[in-house]
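Each remark here refers to the structure printed beneath this line.
The values are calculated or read from the model by the stated rules, or taken from the named source; none is laboratory data. Since this is a predicted model, take the numbers as computed values, not measurements. Heads up, the Cβs are rebuilt from the backbone with ideal geometry, glycines too, and the neighbour counts pull from every protein chain shown. All accessible areas refer to the heavy atoms of the entire protein, side chains included, with ligands and DNA or RNA removed. Shrake-Rupley method; radii C 1.70, N 1.55, O 1.52, S 1.80 Å.
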Amino acid sequence: MLINSMNFKFKKMSSLVVFVFTLSFLGLNDSVFGSKHSHHHGSMDSKMTSSMKRVHLKKETRDSLLDVFKMNDNLHQAFFKYNGKDVENAAKRLKDAISNVSDKDIGQLLKFSKTKLAEIKASNNREDNNQNYHLVSMALIHILKKYDVGKDFNAFSCPMVKKKWIQNTKREAKVNNPYASEMPFCGSQDSKY
């Protein structure tokens, strides 16, 4: 009886190992186990690489989006150093830059972001501002993945705080986590353009 029980447990364990191995081989383990990222710094999300085709933009639209990403970089830096007044001012400048995007489809994609940027205030607690910035960052990451805005900006994430952001990797290649002053270099780069 003991031998049969051990044999059953061994078969069950080996089936689980085969299952997990198959999922990893197929790249499905992230969706099954509920995590897209590990805590390994510098790992790349294979879904967001320069091999993906991004939509080419007219010069005017591309320039206005680059201005959006530059203003977002200012907001990112303000969050990284965290001064509420600087964060609020940078959020206003980013909101203005988004308002200057003339492409209607892109403007629609960023409409919610303008609302969230308006909610970033010096008087708010940092966690509320972090959450609003994260929501803005998610929309900007979608734009970054879809449209060709060059190679200077890339998506990042931190599995510890479960938030994402965009960072100018030409200016600063090292992870600069804008959400967690206690671990400012925690996170990983998720794209490489």
Margin query: If amide hydrogens are placed 1.01 Å from N in the peptide plane, which non-local residues have theirs closer than 5 Å to the one on Tyr147?
Written below: Val55
Check: Of the accessible area of segment 78-187, with the probe set at 1.4 angstrom, what percent is carbon plus sulfur?
Finding: 49 percent
Note to self: Could you derive backbone 3J(HN,Hα) for segment 172-181 from the dihedral phi with the Karplus parameters 6.51, -1.76 and 1.60 (θ = phi - 60°), listing whole Hz in sequence and x where the residue is Gly or Pro?
What the structure shows: 9, 7, 6, 4, 10, 6, x, 9, 9, 5
Check: When the Karplus curve 6.51 cos²θ - 1.76 cosθ + 1.60 is applied with θ = phi - 60°, which whole-Hz ³J(HN,Hα) does each residue of segment 127-141 get, with x for Gly and Pro?
Finding: 4, 5, 5, 4, 5, 5, 5, 4, 5, 5, 4, 4, 5, 5, 5
Checklist line | Given charges at beta-carbon only (K, R positive; D, E negative), |dipole| of segment 110-174 in Debye | finding: 120 debye
Check: Cα centroids of segment 151-176 and segment 68-83: how far apart, whole angstrom?
Finding: 12 Å
Checklist line | As computed over segment 76-193, the Cα convex hull volume per residue (Å³) | finding: 95 Å³
Check: Can you pick out the pairs among Lys85/Lys174; Lys58/Lys111; Lys111/Lys146; Lys116/Lys170 whose Cα atoms lie more than 22 Å from each other?
Finding: Lys85/Lys174; Lys116/Lys170
Check: Can you list the aspartates and glutamates whose alpha carbon sits under 14 Å from that of Lys121, skipping same-chain ones fewer than 8 residues off?
Finding: Asp86, Glu88
Checklist line | Peptides ranked, highest mean first, by Cβ atoms within 10 Å: ranges 79-91, 154-166 | finding: 154-166, 79-91
Next item on the list: Enumerate the calculated ³J(HN,Hα) couplings along segment 69-84 in order (Karplus 6.51 cos²θ - 1.76 cosθ + 1.60, θ = phi - 60°), each rounded to whole Hz, writing x wherever the residue is Gly or Pro.
Entry: 5, 5, 5, 5, 5, 4, 5, 4, 5, 5, 5, 4, 8, 5, 10, x
